[in-house]
Amino acid sequence: MKRLHENSPDAELMTITFEGEQLQVPAGETVLASVMAAGARYNRTSPISGSERSGYCQMGVCFECLMEIDGIPNQQACAIQVRDGMVVNRQNGKKVLANG
C-alpha cells in the first residue's frame, strides 16, 4: 500500500512493534493506518464467531478498529497516533478491563 507522504524526504519515522515485528512508520499516522499499510489483513477477531475484522469507518464511530496498544485492550486504533516504541497487538475476542 502506498502512503501519500511516502516520497517525502523530510518524513519523520517512528518504530512501533506490531505482533512482535518492528515497523518503521511515519509520525502522525494512526495505529490502524500503520498496521494496514504494513500488510495486516485484520486487526481483531469477533468475540462471537472468531471471524477476522478490520477497521471500517476510520473515524472512531464503528469500533471495528479495536486493538491492544501498550498492553491496554479495547483501544480505538483509528483514533490514536503512533508513538515511538509503541507495542501493538491484534485484539482476539472480547477483552474485559479490570475494575480499579
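The values are calculated or read from the model by the stated rules, or taken from the named source; none is laboratory data. Everything numeric in this text was worked out from a predicted model, so none of it was measured. Every residue, glycine as well, gets a Cβ built from its backbone with ideal geometry; the counts of neighbours run over all protein chains shown.
Miscellaneous remarks
- For the stretch 46-64, the set of residues classified as among the acidic types (Asp, Glu) and either crowded, with 16+ Cβ neighbours inside 10 Å or in a loop (DSSP other than H, G, I, E, B) (or both) consists of Glu64 only.
- The residues in the stretch 65-83 that are in a loop (DSSP other than H, G, I, E, B) and either crowded, with 20+ Cβ neighbours inside 10 Å or touching a Lys or Arg at 6+ places or on another chain (Cβ under 6 Å) (or both) can be counted, and the count is 4.
- Against the test of being of a type in the set (A, V, I, L, M), without any contact (Cβ under 8 Å) to a residue 24 or more places away in the chain and within 20 Å of Lys95 (Cβ to Cβ), the options Ile48, Ile69, Ile80 yield a single qualifying residue, Ile48.
- Residue match in the stretch 32-45 (condition: at pLDDT 95 or above, under 13 Å from Met86 (Cα atoms) and assigned to a strand (DSSP E or B)): no
- A count restricted to the stretch 84-100 and to residues that are exposed (fewer than 13 other Cβ atoms within 10 Å of the Cβ) and either at pLDDT 95 or above or in contact with a helix residue (DSSP H, G or I) (Cβ under 7 Å, 6 or more places away or on another chain) (or both) stands at 2.
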